[in-house]
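Asks: Just dropping this structure here.
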Amino acid sequence: MFRVLVSDKLGTAGLEMLEKAADADYDMKTGLSKEELLAIMPEYDALIIRSGTQADADVLAAGKKLKVVGRAGIGVDNIDIPAATAQGIVVMNTPGSNSIATAEQTMTLMLAVSRHTVPAHNSLAAGEWNRAQFVGVELHGKVLGIVGFGRIGRLVAERAKAFGMTVLAHDPYVKAEDAAKLGVSLVSLDRVFSQADYLTLHTAVTPQTTKMINRPALKKMKNGVIIINVARGKLIDEAALAEALQEGPVKAAALDVYTSEPPAADNPLIDLSNVLHTPHLGASTVEAQRNVATQIVSQVLDCLRGVETRNAVNKPS
């Protein structure tokens, strides 16, 4: 009998699949400290997580029977991939399962920050009627720069073009002709920075992309640029962005993710009036929660059973 630990919240549909599995038992234990997690890891054959659990080298080493770590979502920066690989532990994610939700959240933030939706609502709720205070800008005719042109970046591009935006993208792993099929120009990162009226990030966190939005990058950007981040907080140097929001060139930002989550009380971005915040809602739709839950449970069970390995980031499928 396989034992599966679910250490972050998982959609009901996925838990129901685990309940029905005749060859697996599962425990759902969320909010565990690292010490608590280390103490119970030797009992389990599989670990299913989201972004909350840090599956670092210590946690993986404690999993003496651990065969697979399943990430319900795309990002695997909270998993020590080299340590897992060294121990023969398969790490898998669920690419595509929440892509639409994340792309829609990107457009939501882009529109909301452009039209001052939140402060306008708060003003009206307070009994005010200040139409002149909330004059916004249109997306139509603007240049959208997309950093990372994978599934989500392409979905954002499709939606942005429907708004009449010109789309530039940077991704060293994508061919220019593939981007051209979607009416998108694949260009250098410097050109994206210098020409974008809106800049949205859809790339993974790597040593090369960590804090890629830093002081030198910000100095290359067009005056009045608006930055959207629904990917990973670690892509941005938050102190540098706070300075750029106060001193230029950044007009506004809309952020769904942060370097640490929840953001620390002294996070320099939290109190800025030209920043729109949401608490990591990119994949928080009913549909996406169902998709990631059922997909990762199916993948983990198939891996444990030796049937098939899908979407593994450290082993061929």
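Asks: Rounded to the nearest angstrom and ordered from largest down, what semi-axes does the equivalent ellipsoid of segment 1-152 get from its C-alpha gyration tensor (root of 5λ)?
Replies: Working: eigenvalues 354, 67, 44 Å².
So the three semi-axes of segment 1-152 are 42, 18, 15 Å.
Asks: So if I take the alpha carbon set of segment 189-260, get Rg, then get Rh from the Kirkwood formula, what is the Rg over Rh ratio? Walk me through the numbers before you get to the answer.
Replies: On the way: Rg = 10.9 Å, Rh = 11.9 Å.
Ratio of gyration radius to Kirkwood radius: 0.91.
Asks: Can you give me the three principal axis dimensions of segment 44-85 from its C-alpha atoms, in Å, biggest first?
Replies: If we take the Cα atoms of segment 44-85, the spans are 25, 17, 16 Å.
Asks: Taking a threshold of 20 Å on the Cα-Cα distance, which of the pairs K219/K251; K142/K234; K181/K222; K161/K219; K20/K315; K29/K65 fall above it? Don't jump to the answer; show the numbers that get you there.
Replies: Values: K219/K251 13 Å; K142/K234 27 Å; K181/K222 27 Å; K161/K219 27 Å; K20/K315 28 Å; K29/K65 18 Å.
Beyond 20 Å between Cα atoms: K142/K234; K181/K222; K161/K219; K20/K315.
Asks: Then there's this: Divide by every residue of the chain the summed helix terms, -39500 (n - 2.57) for each DSSP H run of at least 4, and state the resulting mean residue ellipticity at 222 nm, rounded to the nearest 500 deg cm²/dmol.
Replies: Result for the chain: -10000 deg cm²/dmol, rounded to the nearest 500.
Asks: A further question follows. Just to confirm a number: summing +1 for Lys and Arg and -1 for Asp and Glu over residues other than Q54 whose beta-carbon lies under 11 angstrom from that of Q54, what do you get?
Replies: Numbers: positive: K34; negative: D8, D56, D58, D77, D80.
Once all neighbours under 11 Å are counted, the net charge is -4.
Asks: Let me check against my output: what whole-number percent is the relative contact order of the chain, with C-alpha pairs under 8 Å and at least 6 apart?
Replies: Details: 617 pairs, mean separation 60.0, N = 317.
It comes to 19 percent, rounded to a whole number.
Asks: Counting each pair of different Cα atoms once, what's the Kirkwood radius of segment 99-277 in Å, rounded to one decimal?
Replies: On the way: mean 1/r = 0.0606 Å⁻¹.
Across segment 99-277, the inverse of the average 1/r is 16.5 Å.
Asks: So what is the relative contact order of segment 99-277, in percent, for Cα pairs below 8 Å that sit 6 or more residues apart?
Replies: That works out to 19 percent.
Asks: What base-10 log of the normalised intensity I(q)/I(0) is obtained for segment 134-206 from the Debye formula, alpha carbons as equal point scatterers, at q = 0.23 Å⁻¹?
Replies: -0.98
Asks: Still on this structure: Taking the dipole about the Cα centre of segment 99-277, with the C-beta of Lys and Arg at +1 and of Asp and Glu at -1, give me whichever of V187, L241, S99 is farthest to the positive side.
Replies: V187
Asks: What Kirkwood Rh does segment 1-62 have if only Cα atoms enter the pairwise 1/r average? Answer in Å.
Replies: On the way: mean 1/r = 0.0835 Å⁻¹.
Every distinct Cα pair counted, the radius reaches 12.0 Å.
Asks: Based on Cβ point charges of +1 for Lys and Arg and -1 for Asp and Glu, what charge dipole magnitude is obtained for segment 25-112 about its Cα centre, in debye rounded to the nearest 20?
Replies: 160
Asks: Top mean-square fluctuation among A169, A264, A24, Gaussian network model of the chain, C-alpha springs under 10 Å?
Replies: Fluctuation is largest for A264.
Asks: With a Förster radius of 25 Å, plug the Cβ-Cβ distance of A239 and T206 into 1/(1 + (r/R0)^6) and report the FRET value to the nearest 0.05. Don't skip to the answer; put the middle values down first.
Replies: Numbers: r = 21 Å, r/R0 = 0.83.
After rounding, the FRET efficiency stands at 0.75.
Asks: Still on this structure: Could you give the dipole magnitude of segment 99-277 about its Cα centre, charging the beta-carbon of Lys and Arg +1 and that of Asp and Glu -1, in debye to the nearest 20? Numbers along the way, then the final one.
Replies: Numbers: 18 positive and 17 negative charges, 107 e Å.
The dipole of segment 99-277 has a size of about 520 debye.
Asks: Another question, then. Dipole of the chain, Cα-centred, from +1 at each Lys and Arg C-beta and -1 at each Asp and Glu C-beta, to the nearest 20 debye?
Replies: Values: 32 positive and 34 negative charges, 178 e Å.
The calculation lands at about 860 debye.
Asks: Next question. Tell me which label goes with the value of Cα extents along the principal axes in Å computed from the coordinates here: [x] 65, 50, 33; [y] 73, 49, 39; [z] 56, 53, 35.
Replies: [x]
Asks: Turning to a different aspect of this structure: Given the options L168, V225, G88, identify the residue whose Cα lies farthest towards the positive end of the charge dipole of the chain (+1 on Cβ of Lys, Arg; -1 on Cβ of Asp, Glu).
Replies: It is L168, whose Cα lies furthest towards the positive end.
Asks: Run the Debye formula on the Cα coordinates of segment 199-317, all scatterers equal and no solvent, and tell me log10 I(q)/I(0) at q = 0.12 1/Å.
Replies: The Debye formula, applied to the Cα set alone, gives -0.56.
Just so you know, all these numbers are worked out from the coordinates, no wet-lab data involved. None of these values were measured; they are calculated from a predicted model. Note that each Cβ is placed from the backbone with ideal geometry, even for glycine, and that neighbours are counted across all protein chains shown.
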